[in-house]
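S.K.: Before I ask anything, here is the structure I am working with.
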Amino acid sequence: MANFVKKLSAIGILMLLLLMVWVLLIKPYLSQWDSKIRSAERMQNKQAALIALIQDKELLQQQFRKISNNPGLSEVFLDKKSGALADVKLQRIIKQLVQKSGAQLIQSQLKTAKTKLKTKTRLKKTSRKPADDKSVTVKVLLQGDIRSIYSMLQQLENYRPLIVLSDMQISLPQSRYQPKKLSNTAYYRAMFNATAFIL
């Protein structure tokens, strides 16, 4: 009976030692390897995503070069040699089309995005366009009868390089002595943003 108790005690002690070895040595080691495996998998996923992003960028660059070398599609853009003078070129195009239509150009102004820069004392505003900006926008205000405005819009629609219009408003000015009177000869005012793209 005493031998049986001793054997049982020895088995119990052995099991306890094995449990301690598992808890103190084997389990942390396995957890560490599991953590390393998961970290390696995350790194592999990030690398795969980065490779896919680089491939997408290269594909987009190839497509852009293809467009750049296509004479038919390149007519849609302002000449890349325009550079900083792209806004002046667009304003000149708008002025020519307005004059050709018989309307009168009141204002043509470059529209720039203002970037706010935080400083310790105040917020500074800058109206310089980013160097990598591939578009230029001019705010246009003109007046004319409905035929001349329609003619000018039709010319802009068919013009190359492509000029995209947005935020258009057409109104009939009203004075105190002359009420609004809708007619083909009445003078309307048209205001819109004209955007051209640089290749």
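S.K.: Quick check: from the Cα gyration tensor, does the range 1-69 come out rounded (a/c under 1.5), prolate or oblate?
M.R.: prolate
S.K.: Quick one: if the Förster radius is 35 Å, what FRET efficiency do Met168 and Gln62 give, using the C-beta to C-beta distance and rounding to 0.05?
M.R.: So, using R0 = 35 Å, E works out to roughly 0.45.
S.K.: What distance in nm lies between label points placed 7 Å from Cα along the C-beta direction at Glu75 and Lys139?
M.R.: For the pair Glu75/Lys139, the computed spacing is 3.4 nm.
S.K.: On to the next question. Residues with beta-carbon under 9 Å from that of Met191, excluding Met191: net charge, scoring Lys, Arg +1 and Asp, Glu -1?
M.R.: +1
S.K.: Grab the Cα-Cα distance for Glu41 and Ile26, subtract it from 0.36 nm times how many residues apart they are, and report the gain in nm with one decimal.
M.R.: Between Glu41 and Ile26, full extension yields 3.2 nm more.
The numbers here are math on the coordinates, done by the rules we state, and not lab data. Since the model is a prediction, treat every value here as computed from it, not as a measurement. In this analysis, Cβ positions are derived from the backbone assuming ideal geometry, glycine residues included, and neighbour counts consider all displayed protein chains.
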